[in-house]
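The values are calculated or read from the model by the stated rules, or taken from the named source; none is laboratory data. Remember, it's a predicted structure, so these values are computed and weren't measured experimentally. Reconstructed Cβ throughout: ideal geometry from the backbone, glycine too, with neighbour counts over all protein chains shown.
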Amino acid sequence: MYFKNFFTLFFLVFFSFSVCAEEIESDNQYTEFNVYAGMFDFSDDGKKSNLIGFQHQNENLNRNTFLGNLSPITGALITADSAGYLYTGVQAQYRVGILNITPSFTPGLYFEGDGKDLGHLIEFKSELQFSLDLSKTSELGFSYNHISNASLGDKNPGANSYMFNFFKNF
């Protein structure tokens, strides 16, 4: 029940931001929000669980480098089993027409709740996103990630997840 209430509140808050942003007409985009939902640890039948998450990117901090356009990201996810992951890291962005390819690496803190024991508080998330531009200010995408503790703990089972993403620039 907690998961459904959180999910409903999350989307109500997100879409209220969207309405306010459309009232302000500007060509400058400074912030990107990514709302996603999917399946946490889909490869483990015993511990797979639905998940929802939120990610923020401040586009004022983007830097063009020889590795592509790099930017810091911060976010959180929660599963239906009350497991959570709070993270911050970096992503690279590559645009091929309307297709956006976005790999990222984000260290973070994992809280087991009633979910899978990943072996340590500190975990690392490697992710690959594919998204399509819907308009100048929004994208729709799919992402896959792997969360692991890099053998910091006594055990390191890892978790593989997939998500469907909606991005909105403000």
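Across the stretch 137-170, the qualifying residues are those that are closer than 19 Å to Leu77 by Cα and among the hydrophobic types (A, V, I, L, M, F, W, C), and the one among them that is farthest from the chain's Cα centre (by Cα) is Ala159. Selection within the stretch 28-48: residues that are touching a helix residue (DSSP H, G or I) at 6+ places or on another chain (Cβ under 9 Å) and modelled with pLDDT of 90 or more. The member of this set that is nearest to Ser82 (Cα to Cα) is Ala37. Yes or no: Asp45 loosely packed, with under 14 Cβ neighbours inside 10 Å, over 17 Å from Pro103 (Cβ atoms) and out of contact with any Phe, Trp or Tyr (no Cβ under 7 Å at 6 or more places or on another chain)? It is true that Asp45 is loosely packed, with under 14 Cβ neighbours inside 10 Å, over 17 Å from Pro103 (Cβ atoms) and out of contact with any Phe, Trp or Tyr (no Cβ under 7 Å at 6 or more places or on another chain). Filtered by the rule that a residue be assigned to a loop (DSSP other than H, G, I, E, B) and modelled with pLDDT under 95, the stretch 117-140 gives Lys136, Thr137.
For the stretch 39-79, give me each residue that is in contact with a Leu (Cβ under 6 Å, 6 or more places away or on another chain) and either in contact (Cβ under 8 Å) with a residue 40 or more places away in the chain or under 17 Å from Leu118 (Cβ atoms) (or both).
Residues of the stretch 39-79 that are in contact with a Leu (Cβ under 6 Å, 6 or more places away or on another chain), as a first pass: 40, 51, 53, 63, 71-72, 76-77, 79.
Across the stretch 39-79, the qualifying residues are Phe40, Leu51, Gly53, Ala76, Leu77, Thr79.
Checked against the criteria, Ser143 does not count as outside any strand (DSSP E or B), in contact (Cβ under 8 Å) with a residue 40 or more places away in the chain and small (Gly, Ala, Ser). Please work out if Leu118 is closer than 15 Å to Phe33 by Cα and touching a Phe, Trp or Tyr at 6+ places or on another chain (Cβ under 9 Å). Spelling it out, it is not the case that Leu118 is closer than 15 Å to Phe33 by Cα and touching a Phe, Trp or Tyr at 6+ places or on another chain (Cβ under 9 Å). Hey, can you tell me all the residues within the stretch 30-80 that are within 17 Å of Phe166 (Cα to Cα) and small (Gly, Ala, Ser)? Result: Ala37, Gly38, Gly53, Gly75, Ala76. Among the residues in the stretch 77-91, are any modelled with pLDDT of 85 or more, among the aromatic types (Phe, Trp, Tyr) and touching an Asp or Glu at 6+ places or on another chain (Cβ under 9 Å)? Looking for residues that are modelled with pLDDT of 85 or more, among the aromatic types (Phe, Trp, Tyr) and touching an Asp or Glu at 6+ places or on another chain (Cβ under 9 Å), one finds at least one in the stretch 77-91, hence yes.
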